[in-house]
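Data first, discussion second: the structure below is written as structure tokens.
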Amino acid sequence: MLELTEVEYRYLGARTPALRGISLRLAPGEVVGLVGASESGKSTLCLVAAGLAPRFIGGTVRGTVMLDGQALGTLPPGEIAGRIGIVFQDPSSSLTGIMSTVFEEVAFGPMNLGLAREEVLARTDEALTALRIEGLAARDPDHLSGGRRQLVVLAGILALRPDYLLLDEPTSELDPAGARLVADAIARLAAAGGAILIAEHKTDLLARLCTRVIALRAGQPALDGAADDVWHNPSLTDLGVDPPTRIRLAILARAAGVDPRRLEAVG
């Protein structure tokens, strides 16, 4: 289990904490959604949970971050990388920049784990197939669109088979078809026992995947609970978050005197 307890994080030189009072437990098979307005702390929370802050970007952290009963800050970076995968909003920050083909890019992580050649090839093929980008295997990552590059980054993380996956706006550069591929891959990973934290503005995507949702305001949890409870909370929009489409339609239907169940029947 990945567990944060009363975590506070302050960037180097910052006068106020970027995160305060964060408690989160990410268990196998669970998908937790993270929402909030821009600058609410979603990306920072992903960095802290992945062990990248403060180890690599400085700052100070209070509280505890535990990975399967061990303090995250005491584990070697290589061990953390094999157990926690993180995907950032900008794919350029995650690509190696040294591999000439997509296949090599996706295989890079498993190779660094020292796995046997057959295992590296199997994991790479499996990850490419999961995201339906096997046709890009021979392409140069630098010559792909932003959306396709993001799929390559995600494939590289999937090839590592991490126990925990942290996704920071993973579909921001993807069209609806690409977003569905990512959602399908996340669902399969969760069904296989993976634990996933996904920060997203696209609440329709989260509504499909998440069992729990945390809404942040200025680095603090404003709402935290079962996904459906959070989506129906009237204060969600005050946090700069639009509820999923089905919730908004139900609200409009009630305002118009229409039974929302009639919309479900039409759908």
Practice task
Say whether the condition of being in contact (Cβ under 8 Å) with a residue 24 or more places away in the chain, closer than 19 Å to residue 24 by Cα and of a type in the set (S, T, N, Q) is met by at least one residue in region 198-206.
Solution key: no
Practice task
Would you point out which residue out of 90, 68 is acidic (Asp, Glu) and closer than 22 Å to residue 169 by Cβ?
Solution key: 90
Handout entry: When residues of region 52-86 are limited to those that are in a strand (DSSP E or B) and closer than 25 Å to residue 115 by Cβ, the one farthest from the chain's Cα centre (by Cα)
Key = 70
Exercise for the section: Scan 227, 218 and give me the residue that is surrounded by fewer than 19 Cβ atoms within 10 Å (Cβ to Cβ), in contact (Cβ under 8 Å) with a residue 40 or more places away in the chain, more than 23 Å from residue 131 (Cβ to Cβ) and not hydroxyl-bearing (Ser, Thr, Tyr). Expected result: 218
Fill in the blank from the handout: Of the residues in region 124-157, those that are under 17 Å from the mean Cα position of the chain (by Cα) and of a type in the set (S, T, N, Q) come to 150
Handout entry: residue 145, sole failed condition from (1) surrounded by fewer than 21 Cβ atoms within 10 Å (Cβ to Cβ); (2) over 30 Å from residue 69 (Cα atoms); (3) in contact with a strand residue (DSSP E or B) (Cβ under 9 Å, 6 or more places away or on another chain); (4) of a type outside the set (Lys, Arg)
Key = (3)
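Which residue, of 38, 92, is part of a loop (DSSP other than H, G, I, E, B) and either closer than 30 Å to residue 240 by Cα or in contact with a strand residue (DSSP E or B) (Cβ under 6 Å, 6 or more places away or on another chain) (or both)? If you could, list the steps in order and put the result at the bottom.
Numbers: 92 fails: part of a loop (DSSP other than H, G, I, E, B).
Result of the check over 38, 92: 38.
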Problem - Among (1) touching a strand residue (DSSP E or B) at 6+ places or on another chain (Cβ under 7 Å); (2) more than 30 Å from residue 242 (Cβ to Cβ); (3) among the β-branched types (Val, Ile, Thr); (4) outside any strand (DSSP E or B), the one test that residue 5 misses - result: (4)
Fill in the blank from the handout: Within region 41-70, the residues that are touching a strand residue (DSSP E or B) at 6+ places or on another chain (Cβ under 8 Å), of a type in the set (A, V, I, L, M, F, W, C) and farther than 24 Å from residue 158 by Cα are 61
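Tell me whether region 71-82 contains one or more residues that are more than 16 Å from residue 165 (Cα to Cα) and of a type in the set (D, E, K, R). So that I can check it myself, show each step before the final result.
Going residue by residue through region 71-82, those that are more than 16 Å from residue 165 (Cα to Cα) are 71, 73-76.
Adding the requirement that they be of a type in the set (D, E, K, R) leaves none.
Within region 71-82, not a single residue is more than 16 Å from residue 165 (Cα to Cα) and of a type in the set (D, E, K, R).
Specify the residue that is surrounded by the most Cβ atoms within 10 Å (Cβ to Cβ); the eligible residues are those in region 1-29 that are in contact (Cβ under 8 Å) with a residue 40 or more places away in the chain and basic (Lys, Arg).
10
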Practice task
Determine the pairs where a residue that is under 17 Å from residue 108 (Cα atoms), located within region 120-132, has a partner that is not in a helix (DSSP H, G or I) with Cβ atoms under 8 Å apart, the partner being 6 or more residues away or on another chain.
Solution key: 123/115; 123/161; 128/137
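Please give the strands (runs of 3 or more DSSP E) falling wholly within region 154-267 in which 3 or more residues are in contact with a Leu (Cβ under 7 Å, 6 or more places away or on another chain) and either modelled with pLDDT of 85 or more or of a type in the set (A, V, I, L, M) (or both).
Working: elements: 164-168, 195-199, 212-217, 220-226.
In region 154-267, 164-168, 195-199, 212-217 are the strands (runs of 3 or more DSSP E) which contain 3 or more residues that are in contact with a Leu (Cβ under 7 Å, 6 or more places away or on another chain) and either modelled with pLDDT of 85 or more or of a type in the set (A, V, I, L, M) (or both).
The values are calculated or read from the model by the stated rules, or taken from the named source; none is laboratory data. Nothing here was measured: the structure is a model prediction, and the numbers come from that model. For neighbour counting, all protein chains shown are included, and Cβ atoms are generated from backbone atoms with ideal geometry for every residue, glycine included.
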